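Novice: If you scroll down you'll find the structure; I have some questions about it.
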Amino acid sequence: MNKHLLSAGDLSAADITRVLDTAAHLAHVTDRAIKKLPTLRGRTVCNLFFEDSTRTRISFELAAKRLSADVINFSARGSSVAKGESLKDTAITLEAMGVDAIVIRHGASGAPWRLAEWVDAVVVNAGDGTHEHPTQALLDLYTMRQRFPSFDGLRVAIVGDVLHSRVARSNVLALTTMGAEVTLVAPPTLLPARVDGWGATVSYDLDAVLPKQDVVMLLRMQLERQRAGFFPSLREYARLYGLDARRLDAMAPHAIVMHPGPMNRGVEIAADVADSIERSVIASQVTNGISVRMGLLYLLLGGPAVAGPGGAAGSGATGQDAGSAAVAAAGARARGGPW
């Protein structure tokens with residue numbers, strides 16, 4: 001794996017599999033009386049969030065703490081950012097304090113890339129503008145893998161506000177890398193320009209697409225990012241693209257429903273569909289987010305040393321052969337084995 005996780009496009013199929021396998025082993029930690037491993041003891045992880053977040057910020061905080069890292073939660077409100085401090089100066093300040101990893105969410109697309117140029121710490125993109133959200137894609141793939149044995153030929157429909165969705169972009173990159181067949185379903189006004197270059201099929205008709213899919217992922221209507229009228233009304237959008245009980249019945253019996261959250265109940269998804277015990281895996285996505293982020297932080301910060309090309313020891317966070325060693329070590333620790 002690379003030093004940073006900035007884009008889902010930076011991950012190969014082997015990298016994605018390595019993260020998911022490591023997460024599967026670390027998931028057993030939640031079954032223990034003491035939900036902690038000492039892997040990142042002495043390391044400091046900073047959650048640098050310039051936008052509001054519940055699931056992602058808390059998930060990263062729990063993941064780091066369960067690996068025994070020290071965690072700093074930074075919010076733009078109440079910090080020197082409110083006084084006009086730039087992202088670069090904030091980054092230099094954190095670097096001077098000796099943080100080992102920075103998890104950043106920022107309203108500007110590309111902010112994690114700039115941050116990675118300014119600091120030596122590991123940088124993880126937790127969402128940048130309307131661009132990408134790679135860890136959400138990883139936890140979504142992990143959730144799918146719990147239900148389906150292989151990604152090859154897996155049919156996934158991503159429905160809704162694709163234009164403003166960083167989740168959609170990262171999921172398309174990760175899913176196509178793993179061999180899945182992705183269909184984007186949205187009104188033309190909510191599809192980005194040059195979407196035909198994404199490697200996904202495009203459809204404007206949700207009812208025609210639904211019966212063929214294994215996974216249906218709904219996207220939140222991001223009204224806070226919209227500066228123009230992209231559809232006549234929320235009622236009209238829900239009628240044409242909302243997943244309700246009638247459309248749920250039209251799906252294949254084995255198909256599952258996903259949503260990255262937060263949900264607009266009654267808009268992109270009906271309340272009874274969101275709460276469906278048999279079909280909805282939305283709560284599992286939240287649970288799996290902790291395990292996946294634990295696995296990612298483990299590989300980026302705490303992986304064992306592996307032999308480099310010349311036989312010299314390289315960093316387990318970046319070596320291409322680190323996956324098997326990381327999974328084995330994580331599994332032993334999660335089972336309560338020797339440290």
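Novice: I'd like to know if the range 132-147 contains one or more residues that are farther than 20 Å from residue 288 by Cβ, crowded, with 20+ Cβ neighbours inside 10 Å and charged (D, E, K, R).
Specialist: no
Novice: Now, a different point. For the range 253-277, give me the residue count where each residue is of a type in the set (Asp, Glu) and either buried (at least 20 other Cβ atoms within 10 Å of the Cβ) or not in a loop (DSSP other than H, G, I, E, B) (or both).
Specialist: Count: 2.
Novice: Is it the case that residue 17 is more than 16 Å from the chain's Cα centre (by Cα), surrounded by fewer than 22 Cβ atoms within 10 Å (Cβ to Cβ) and of a type outside the set (Asp, Glu)?
Specialist: Taking the combined requirement at face value, the residue does not satisfy it.
Novice: Right, here's the next one. Would you be able to tell me the number of residues in the range 103-142 that are in a helix (DSSP H, G or I), under 14 Å from the mean Cα position of the chain (by Cα) and small (Gly, Ala, Ser)?
Specialist: Matching residues across the range 103-142 total 1.
Novice: Can I ask one more? Please go through the range 1-46 and give me each residue that is in contact with a strand residue (DSSP E or B) (Cβ under 8 Å, 6 or more places away or on another chain), of a type in the set (D, E, K, R) and within 22 Å of residue 58 (Cβ to Cβ), ordered by number.
Specialist: The answer is 43, and nothing else.
Novice: Condition first: within 17 Å of residue 109 (Cβ to Cβ) and modelled with pLDDT of 95 or more. Now tell me which residues in the range 167-194 satisfy that. So that I can check it myself, show each step before the final result.
Specialist: Our first condition is that a residue be within 17 Å of residue 109 (Cβ to Cβ); within the range 167-194, this holds for 167-173, 192-194.
Passing the criteria: 167, 168, 169, 170, 171, 172, 173.
Novice: Any residue in the range 231-252 that is in a helix (DSSP H, G or I) sitting within a Cβ distance under 8 Å of a residue that is among the acidic types (Asp, Glu) and surrounded by 18 or more Cβ atoms within 10 Å (Cβ to Cβ)? List the pairs, counting only those 6 or more apart or interchain.
Specialist: Listed by first residue and then by second, the contacts come to 237/268; 238/268; 241/268.
Novice: Test each condition in (1) within 22 Å of residue 154 (Cβ to Cβ); (2) modelled with pLDDT under 95; (3) surrounded by fewer than 13 Cβ atoms within 10 Å (Cβ to Cβ) for residue 208 and report the one that comes out false.
Specialist: (2)
Novice: Which condition number does residue 85 fail, the rest of (1) assigned by TED's automatic domain parsing to the domain that holds residue 178; (2) without any contact (Cβ under 8 Å) to a residue 24 or more places away in the chain; (3) charged (D, E, K, R) being met?
Specialist: Every listed condition holds for residue 85 apart from (1).
Novice: Right, something else. Of 295, 323, which residue is crowded, with 17+ Cβ neighbours inside 10 Å, part of a helix (DSSP H, G or I) and at pLDDT below 75?
Specialist: Values: 295 fails: at pLDDT below 75.
It is 323.
Novice: Considering only residues that are among the polar types (S, T, N, Q) and not in a helix (DSSP H, G or I), look in the range 63-102 and name the one that is surrounded by the fewest Cβ atoms within 10 Å (Cβ to Cβ).
Specialist: Once the filter is applied, the top-ranked residue is 86.
Novice: Would you check if there is a residue in the range 27-46 being surrounded by 15 or more Cβ atoms within 10 Å (Cβ to Cβ), at negative phi, free of Cβ contacts under 8 Å to residues at least 40 places away in the same chain and assigned by TED's automatic domain parsing to the domain that holds residue 90?
Specialist: No, there is no match, as no residue in the range 27-46 is surrounded by 15 or more Cβ atoms within 10 Å (Cβ to Cβ), at negative phi, free of Cβ contacts under 8 Å to residues at least 40 places away in the same chain and assigned by TED's automatic domain parsing to the domain that holds residue 90.
Novice: Look at residue 153 and say whether it is small (Gly, Ala, Ser) and either assigned to a strand (DSSP E or B) or in contact (Cβ under 8 Å) with a residue 60 or more places away in the chain (or both).
Specialist: On the way: small (Gly, Ala, Ser): yes; either assigned to a strand (DSSP E or B) or in contact (Cβ under 8 Å) with a residue 60 or more places away in the chain (or both): no.
No.
Novice: Does the range 26-43 contain any residue that is under 19 Å from residue 133 (Cβ atoms) and in contact with a helix residue (DSSP H, G or I) (Cβ under 9 Å, 6 or more places away or on another chain)?
Specialist: The initial filter retains those residues of the range 26-43 that are under 19 Å from residue 133 (Cβ atoms), namely none.
Looking through the range 26-43, none of the residues is under 19 Å from residue 133 (Cβ atoms) and in contact with a helix residue (DSSP H, G or I) (Cβ under 9 Å, 6 or more places away or on another chain).
Novice: Among the listed residues 67, 115, identify the single one that is closer than 28 Å to residue 26 by Cα and either basic (Lys, Arg) or touching a helix residue (DSSP H, G or I) at 6+ places or on another chain (Cβ under 7 Å) (or both).
Specialist: 67
The values are calculated or read from the model by the stated rules, or taken from the named source; none is laboratory data. Since we're looking at a predicted model, the values are computed, not measured. Please note: Cβ atoms are built from the backbone with ideal geometry, for glycine as well, and neighbour counts cover all protein chains shown.
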